[in-house]
1. Report every pair of residues separated by at least 6 positions or lying on different chains whose Cβ atoms are under 7 Å apart, first residue within the range 69-88 and more than 25 Å from Asn8 (Cα to Cα), second of a type in the set (Ser, Thr, Tyr) and outside any strand (DSSP E or B).
2. Can you run down the residue pairs with Cβ atoms below 9 Å, 6 or more apart or on separate chains, where the first is in the range 95-106 and open to solvent by 50 Å² or more (accessible area, probe 1.4 Å) and the partner is of a type in the set (A, V, I, L, M, F, W, C)?
3. Inside the range 77-111, can you point out the residues that are of a type in the set (A, V, I, L, M), over 12 Å from Ser29 (Cβ atoms) and either in a loop (DSSP other than H, G, I, E, B) or more than 16 Å from the chain's Cα centre (by Cα) (or both)?
4. Is it the case, given these coordinates, that Val74 is in a strand (DSSP E or B), open to solvent by 70 Å² or more (accessible area, probe 1.4 Å) and either small (Gly, Ala, Ser) or under 18 Å from Leu2 (Cβ atoms) (or both)?
Amino acid sequence: MLVQIPGNTIDDLFVHRYQTDQLLVVRGSFILVILQNRQYEYIYLSENRPQVVKIPPGVPHSAINLNPENCFLVNAVLRHGTPYAKDYQPITPPFPYDLALAEKIFATEENATIPQPA
């Protein structure tokens with residue numbers, strides 16, 4: 001499925017019980033937030049450095065898009081059972097995201113991926 005993350009977005013968490021998400025950014029960039037062991041991990045994903053990230057069942061995750069432009073990604077979902085309605089209802093994060101760190105990661109990564117003139 002094609003997913004749009006609007007510009008200037010900070011999403012709540014989602015957790016899927018019977019599905020694996022496989023994400024690949026095709027336009028734009030965003031930060032994937034993973035909650036594990038009561039800590040957030042921030043993963044920068046961009047069309048300029050294509051990579052597939054797998055999110056297994058039971059892992060809370062979110063998206064932060066600090067760009068004004070929308071980000072588009074493909075989610076090649078693997079179903080491991082019947083879809084569960086609560087899988088698609090947002091969950092309030094148990095503690096705030098570190099937005100200063102997210103901004104730093106975004107700035108660093110965005111500058112690193114801007115093509116430099118030869």
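1. Arg79/Tyr18; His80/Tyr18; Gly81/Tyr18; Thr82/Tyr18; Pro83/Tyr18; Tyr84/Tyr18
2. From residues that are open to solvent by 50 Å² or more (accessible area, probe 1.4 Å), the pairs are Leu99/Ile10; Leu99/Ile64; Leu99/Leu66; Glu103/Leu66.
3. Val77, Leu78, Ala85, Ala100
4. Numbers: in a strand (DSSP E or B): yes; open to solvent by 70 Å² or more (accessible area, probe 1.4 Å): no; either small (Gly, Ala, Ser) or under 18 Å from Leu2 (Cβ atoms) (or both): yes.
Considered against the rule, which asks whether it is in a strand (DSSP E or B), open to solvent by 70 Å² or more (accessible area, probe 1.4 Å) and either small (Gly, Ala, Ser) or under 18 Å from Leu2 (Cβ atoms) (or both), Val74 comes out as no.
The values are calculated or read from the model by the stated rules, or taken from the named source; none is laboratory data. What you see is a predicted model; the values in this text were computed from it and never measured. Note that each Cβ is placed from the backbone with ideal geometry, even for glycine, and that neighbours are counted across all protein chains shown. The area values use the complete protein model at the heavy-atom level, side chains included, leaving out ligands, DNA and RNA. Shrake-Rupley method; radii C 1.70, N 1.55, O 1.52, S 1.80 Å.
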